[in-house]
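Participant: Below you will find the structure I want to go over with you.
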Amino acid sequence: MNVIVAVNADWGIGFGGKQPIVLPEDRKFFRERTTGGVIIAGRNTFEDFPGVLPERKNIILTRDKSFKADGATVLHAIEEVLSEIAGTDPSKVFVVGGGNIYSQFLPLCKTAYVTKIEAAPQSDTYFPNLDILPSWALVHVGERKESAEGNMKYSLSVYRHV
């Protein structure tokens, strides 16, 4: 199982239930990496999507028993999610947020694809700093790039759970 996330310079990932900085390049990477696989999202993250993401199995984990999402599998416990993905190629399973979902699944993930954005807007939700966690090792640092708008620098890092 994998985690895929865009983090700010301070490892912030959200403010008020929304992603503070959205880079088209990061969205393209996300789409390319997750298409054909399974994504696991919390309800708030899913509601920030434009709808069910095509060409992927969408699993939404929520405590809200009345929540429904046409075209998605809605589950209410991590054990239900693990049962649902049993038999799926783990390299095709991606945990996509938000903060609570990342916390629950990070210990079960083998690889983390992290887009690091060189900015630190206000955040109220953070991803664990993998650079200081002894159970994670940085295995790839991508080329430092500039966003299409030319106003943001970012890079892709890959971490492995050791």
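Participant: It is to be established whether one or more residues within segment 7-19 are among the acidic types (Asp, Glu) and free of Cβ contacts under 8 Å to residues at least 40 places away in the same chain.
Facilitator: No, segment 7-19 contains no residue that is among the acidic types (Asp, Glu) and free of Cβ contacts under 8 Å to residues at least 40 places away in the same chain.
Participant: Among 10, 70, 48, 26, which is over 30 Å from residue 150 (Cα atoms) and among the acidic types (Asp, Glu)?
Facilitator: 70
Participant: Note down all Cβ pairs under 8 Å where the first residue falls in segment 136-162 and is over 22 Å from residue 23 (Cα atoms) and touching a residue at least 12 places away in the same chain (Cβ under 8 Å), the second is open to solvent by 30 Å² or more (accessible area, probe 1.4 Å) and of a type in the set (D, E, K, R), and they're at least six residues apart or on different chains.
Facilitator: 136/160; 137/160; 138/131; 139/160; 160/110; 161/110
Participant: Please verify whether segment 35-45 includes one or more residues that are out of contact with any Ser or Thr (no Cβ under 8 Å at 6 or more places or on another chain), open to solvent by 20 Å² or more (accessible area, probe 1.4 Å) and under 15 Å from residue 93 (Cα atoms).
Facilitator: Checking segment 35-45: at least one residue is out of contact with any Ser or Thr (no Cβ under 8 Å at 6 or more places or on another chain), open to solvent by 20 Å² or more (accessible area, probe 1.4 Å) and under 15 Å from residue 93 (Cα atoms).
Participant: Oh, and also: Strands (runs of 3 or more DSSP E) wholly in segment 69-159 with at least 3 residues that are under 23 Å from residue 50 (Cβ atoms) and open to solvent by less than 80 Å² (accessible area, probe 1.4 Å) - which ones? Show your work before the answer.
Facilitator: On the way: elements: 73-75, 93-97, 111-117, 136-141.
Answer list for segment 69-159: 73-75, 93-97, 111-117.
Participant: For segment 99-125, enumerate the residues that are closer than 27 Å to residue 150 by Cα and touching a helix residue (DSSP H, G or I) at 6+ places or on another chain (Cβ under 7 Å).
Facilitator: The answer is 113, 115, 125.
The values are calculated or read from the model by the stated rules, or taken from the named source; none is laboratory data. Small disclaimer: the values here were computed from a predicted structure and weren't measured. Positions of Cβ are backbone-derived with ideal geometry, glycine not excepted, and every protein chain shown enters the neighbour counts. SASA here: full protein model, heavy atoms, side chains in, ligands and nucleic acids out. Shrake-Rupley method; radii C 1.70, N 1.55, O 1.52, S 1.80 Å.
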